[in-house]
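Heads up: the structure comes next, in structure tokens.
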Amino acid sequence: MNKILIIVVLFIISPLQAQNFNSIIEDLDSAIKTVPSANKEYVQTITSIQPGVVEVTIEEISKKGSSTVNSFEFNTADIDINTIKTITKKDVIVIQLLAKNKQKLIKLTTNQEKISYVNQLLINAENIDNGRLIEDYFKQCVPLAQEITDKRLSLSSYQEQLNWLENNVIDVNLIKKQFSQNLAANNKYPGSIIIKSNEIAGKNSKNRTYQLNLSTLNPNSILFKITGEIFSIELETRRKLKTIKYFEDSEQKAYTNKLTIVCNSVENARDLQKVLKDIISLSEIEFNNSLTKINSISQGVQLINSLTNKVVVNDLTITQNIDGKCVSVFKQETLDNNNTVQETFNFNFADFNKNGINYSTNGKQVFLELNIKGGNNYIKYEKNGEQKNYIKSLKIYTPEIEDAITLESTLSSIINLCQNPNNSAFKAGSKSNMLQILQQNLSKININNITYDQSLKINENVLIFTNTIINTKSSKEQIFEFNLSDINSNSIKMNTSGKNVTVTASTYHLEKIIKYYENGAIKNYQNEIEIQAINIENARLITNLLVSLTEK
């Protein structure tokens, strides 16, 4: 019932134009005659299918009585008005009709057995005067059909356009194949739709299901596609990202970046193209308006956990959880065919590049990739309980592409909040207080079977930093004596190398004025000290303390 109502809406918009068009077609039908030639007879008719669209049927009957019936269905708005002309071809006069830009927009059905699409047709005339009359009538049709076609659809709101799509992605029955199709809204997210298609060819069939969000489509990529008897529209995603979830015979396959909708006519394709182009921008607005505004870090973390806690793809299950605020621990457990991998990531949201959060797909999985600013390896990574090298990025998996897009916004908000100086854990105090905190944060660290036993002594303005390095074969005691005023605050950096986190500080102009002892012996003066840190946050605190103590 809904489909019938929509068709009525489409064709009562311009009643006067429709009436004028039908009047011209009636005149054309009277002008188009049965035309004999030396070898054949052409029985010709023209009928109006809908305002702007006609069907021209030409039956060619040979002298022996055999016949071929060609039916041409087309919108006269698609005809290039400058190519409509009368031509003499040996013993017949024909009126030439060519489609604009040589597009194959004319549906040709031959003997009800074969369908193809062509870009021209020739109508036979009785004589030159009859040809000129037919030519004139078609030239009147073109601008009128263009106006009718331009005004045919009047859908303004997102919901109106979505309803129209649900009613106009329909079954298509061709000579060799049949397509059972439907489009339905997925109400979990604005713009989310599911397109199902069952292709039947003889005894064979193939079920396809596409799940996507309209906001991810590229409106400029919605193009007509012709393959034999099949006229369809092809849709492609922005930047060709594979964000369309695809199932074949109920089994999920790899994500794809394009799909086709089979159309029952050129007009159906034209209208689908127009509505899809219009709804893409509206769905993007609807989706963005539905996003939760993040006002606190805990609210953002809670939303991430609610959307990513469990991701299931066929036999693969990924369980995930973030615990913390700006400084967080992210745990990820992957179960695939009874093989379990447990991964742990320690990081600070403030270290991520908010402009470097990208959602993508790999095979059947959707994920968000977060990258540390400057490509620094500031993420502590453990796999199955064993610490690995520090890394610069991590992936959070999501069940659907809309979840990933939602979290892209959520993560950006969390990063903004954590990068706000008011949320920094470090607060500068008095010099003596900061030196005391610095002393407390230099400790004994064991990494890769190497122990770093570190301490700091304060002798008036001189700092004495001791680092004893112990491995399985030997030990080395390093002592550095330096003045805080000689340290360039701009040189103080935290770094990672493999599993180690360090803080380095250099003198102004890299002058070698740091007194250095090794195992009690006086060695050459140095221009840099290196402090081993327990983790990134420990290194960050040491860095902030040293910067505050040395700033002038």
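In segment 442-486, the qualifying residues are those that are under 51 Å from the mean Cα position of the chain (by Cα) and in contact (Cβ under 8 Å) with a residue 24 or more places away in the chain, and the one that is farthest from V503 (Cα to Cα) is N448. Only one entry in Q159, Q140, Q146, Q96 is closer than 30 Å to E286 by Cβ and either surrounded by fewer than 17 Cβ atoms within 10 Å (Cβ to Cβ) or assigned by TED's automatic domain parsing to the domain that holds V53 (or both), namely Q159. Going by what's in this entry, would V9 be described as out of contact with any helix residue (DSSP H, G or I) (no Cβ under 7 Å at 6 or more places or on another chain) and at pLDDT 95 or above? No.
Take T110 and tell me if it is of a type in the set (V, I, T), closer than 23 Å to E229 by Cα, exposed (fewer than 14 other Cβ atoms within 10 Å of the Cβ) and modelled with pLDDT of 95 or more. Yes, satisfied.
Taking the conditions (1) among the aliphatic types (A, V, I, L, M); (2) touching an Asp or Glu at 6+ places or on another chain (Cβ under 7 Å); (3) closer than 25 Å to Y381 by Cβ in turn, I513 satisfies each one other than (3). One residue is enough: does segment 513-530 have a residue meeting the conditions within 44 Å of the chain's Cα centre (by Cα) and surrounded by fewer than 18 Cβ atoms within 10 Å (Cβ to Cβ)? There is no residue in segment 513-530 that is within 44 Å of the chain's Cα centre (by Cα) and surrounded by fewer than 18 Cβ atoms within 10 Å (Cβ to Cβ). The criterion of at least 1 residues that are in contact (Cβ under 8 Å) with a residue 24 or more places away in the chain, out of contact with any Leu (no Cβ under 9 Å at 6 or more places or on another chain) and small (G, A, S) is met, among strands (runs of 3 or more DSSP E) falling completely within segment 110-209, by 192-201. Elements of the type strands (runs of 3 or more DSSP E) sitting completely within segment 225-286 and holding at least 1 residues that are hydrophobic (A, V, I, L, M, F, W, C) and under 23 Å from W164 (Cα atoms): these cover 230-236, 258-263.
For segment 215-249, a residue qualifies if it is of a type in the set (S, T, N, Q), over 29 Å from N358 (Cα atoms) and either exposed (fewer than 15 other Cβ atoms within 10 Å of the Cβ) or touching a residue at least 60 places away in the same chain (Cβ under 8 Å) (or both), and exactly one does: T227. Scan segment 326-341 and tell me whether some residue there is of a type in the set (D, E), closer than 22 Å to A539 by Cβ, assigned to a strand (DSSP E or B) and out of contact with any His (no Cβ under 9 Å at 6 or more places or on another chain). Checked segment 326-341: no residue is of a type in the set (D, E), closer than 22 Å to A539 by Cβ, assigned to a strand (DSSP E or B) and out of contact with any His (no Cβ under 9 Å at 6 or more places or on another chain).
Regarding I61, is this residue outside any helix (DSSP H, G or I), touching a residue at least 24 places away in the same chain (Cβ under 8 Å) and surrounded by 16 or more Cβ atoms within 10 Å (Cβ to Cβ)? Working first, answer last.
Values: outside any helix (DSSP H, G or I): yes; touching a residue at least 24 places away in the same chain (Cβ under 8 Å): no; surrounded by 16 or more Cβ atoms within 10 Å (Cβ to Cβ): yes.
Considered against the rule, which asks whether it is outside any helix (DSSP H, G or I), touching a residue at least 24 places away in the same chain (Cβ under 8 Å) and surrounded by 16 or more Cβ atoms within 10 Å (Cβ to Cβ), I61 comes out as no.
Being surrounded by fewer than 19 Cβ atoms within 10 Å (Cβ to Cβ), of a type outside the set (D, E) and modelled with pLDDT under 95 is a property that K89 has.
Each row is one residue, and each column tells you yes or no for (1) surrounded by fewer than 17 Cβ atoms within 10 Å (Cβ to Cβ); (2) free of Cβ contacts under 8 Å to residues at least 60 places away in the same chain; (3) within 22 Å of the chain's Cα centre (by Cα).
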position: A269; (1), (2), (3): no, yes, no
position: Q273; (1), (2), (3): no, yes, yes
position: S281; (1), (2), (3): yes, no, yes
position: I285; (1), (2), (3): yes, no, yes
position: N295; (1), (2), (3): yes, yes, no
position: L303; (1), (2), (3): no, no, yes
position: L307; (1), (2), (3): no, no, yes
position: C326; (1), (2), (3): no, no, no
position: T334; (1), (2), (3): yes, yes, no
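Remark: pairs (first residue in segment 370-385, not assigned by TED's automatic domain parsing to the domain that holds S360; second residue surrounded by fewer than 18 Cβ atoms within 10 Å (Cβ to Cβ); Cβ separation under 7 Å; 6+ apart in sequence or on different chains) are absent.
All of (1) outside any strand (DSSP E or B); (2) of a type in the set (V, I, T); (3) more than 30 Å from I379 (Cα to Cα) hold for I542 with one exception: (3).
The values are calculated or read from the model by the stated rules, or taken from the named source; none is laboratory data. Owing to the predicted nature of the structure, the values given are computational and were not obtained by experimental measurement. Neighbour counts run over all protein chains shown; Cβ positions are idealised from the backbone, glycine included.
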